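Only one structure is covered here, and it is reproduced in the block below.
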Amino acid sequence: MLTSLLDYELPEAAIAQRPLSDRDAARLLVVARDGVRDARFRDWAELVPEGSLVVFNDTRVLRARILGTRPETGGRVELLLTTRIESASHEDEVWLALGRANRPLRPGARVVAGALHCEVLSSDDAGTLRVRVTANGGVATALETHGHVPLPPYVRRPDDAADAERYQTVFAKHAGSVAAPTAGLHATEATLGRLRARGVATAFTTLHVGVGTFRPVSTDDLDDHVMHEEHFSVSPELAHAVDAARRRGGAVVAVGTTVVRSLESARDPKDPRRVRPATGTTRLLIQPGYAFGPVDALLTNFHMPKSTLLALVAAFAGRDRMLAAYRSALELGYRFLSYGDAMWVPERLA
């Protein structure tokens, strides 16, 4: 598919810079075959059909942004840890990272941020660094104390105390993401309670969101785009929950594009509407023309132009219908991207 077919004009003013005061206060654009309508996320639980299975992503966002200094010169350095690749101990780990500094970060360069001590081991042609991170008392503990919330690049402000809570879902459990699964940010414990009270089952998958999720598609044809790799896990319990939903004729609802990619990566080749337990990495690129298996309905936020996330939604809802819905959302004053409003597609429309 031509990447240009996934373009739309996104005004800077439409990009949400802060979360709403209440998680579930977001607006909700309901996209159906006969058009769109304006709703509220607080009403979403009542829109999910009884007997459905709603799947959330329980990944936890790391405080993976390090704002440090070079001990020799005092020069400022920013590192974004993206993937842990080695662990000699809880106090000595090797990560892949992205870096920004006034001078190139060459092998041997050191960065200090509180108890965190980082040393650049190597770098590749794409600018990805291998960095040894050490900290007395443990790297994870030091990141919680000295690391920063890795807000997306389109949030044009420093992170603050509120982001530590709000850029995390209420059910976040397994640490490993450098970006939030944003559709899940709207859900509250009350949301989960309302779903269950209506006979809707809930379950969790884990997909650790990588920094590649923000990387724009630079190729003219989406087929030529090198998809980023992300770690995911579908448990036996989730596979059984999907089976149970199928037996009772219920829909499988994905809360966010990360859940779609996780479930579709674990689809059973003998029966694509079901999933098998799986743990590993996925580079699955979903674009228009993709034949969905387990996923029947989608709750999602609004995404960047020319992005793989937009391609996935276009594959599910239909490109023309999706772009028309985006135009309606902009006209209605919806807030876009990570801290923005949501869209509900209750059935496959493509």
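The values are calculated or read from the model by the stated rules, or taken from the named source; none is laboratory data. No experiment lies behind these values; they were computed from the predicted model shown. Glycine also receives a Cβ, built like all others from the backbone with ideal geometry; neighbour counts cover every protein chain displayed. With ligands, DNA and RNA removed, areas are computed over all heavy atoms of the protein, side chains included. Shrake-Rupley method; radii C 1.70, N 1.55, O 1.52, S 1.80 Å.
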| query | Add -39500 (n - 2.57) for each DSSP H run of 4 or more in the chain, then divide by its residues: what number comes out at 222 nm, to the nearest 500 deg cm²/dmol? | reply | -5500 deg cm²/dmol
| query | In whole Hz, what ³J(HN,Hα) sequence does segment 17-28 give by Karplus (6.51, -1.76, 1.60; θ = phi - 60°), x for Gly and Pro? | reply | 9, 9, x, 5, 5, 10, 4, 8, 8, 5, 7, 9
| request: For Glu347 and Ala244, calculate 0.36 nm times their separation in residues minus their Cα-Cα distance, and state this gained length in nm to one decimal. | output: 35.2 nm
| field | Value of Rg to Rh for the chain (Rh from inverse mean 1/r over Cα pairs, i.e. Kirkwood) | value | 0.97
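Keeping every protein chain present and rolling a 1.4 Å probe, give me the accessible area per residue for the chain in Å².
44 Å²
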| With all protein chains modelled, accessible area of Thr69 [1.4 Å, Å²] | 60 Å²
| message | Quick check for me: using +1 on Lys/Arg Cβ and -1 on Asp/Glu Cβ, what's the dipole size of the chain about its Cα centre, in debye to the nearest 20? | response | 340 debye
| segment 286-312-segment 94-108 distance, computed between alpha-carbon centres (Å) | 33 Å
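State the percentage of accessible surface on segment 196-350 attributable to carbon and sulfur atoms; use a 1.4 Å probe and exclude ligands, DNA and RNA.
Of the solvent-accessible surface of segment 196-350, carbon and sulfur hold 50 percent.
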| message | Taking the Cα centroid of segment 118-157 and of segment 6-83, what is the distance between the two, rounded to the nearest whole Å? | response | 21 Å
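With viscosity set to 0.692 mPa s at 37 °C, what whole-number translational diffusion coefficient in µm²/s follows for segment 161-300 from Stokes-Einstein and a Kirkwood radius over Cα pairs? Before the final figure, lay out each step's value.
Numbers: Rh = 16.1 Å.
So the translational diffusion coefficient is about 203 µm²/s.
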| task | Please name whichever of Ala239, Pro288, Pro269 sits farthest to the positive end of the charge dipole of segment 238-349, dipole taken about the Cα centre and charges placed at Cβ: Lys and Arg +1, Asp and Glu -1. | result | Pro269
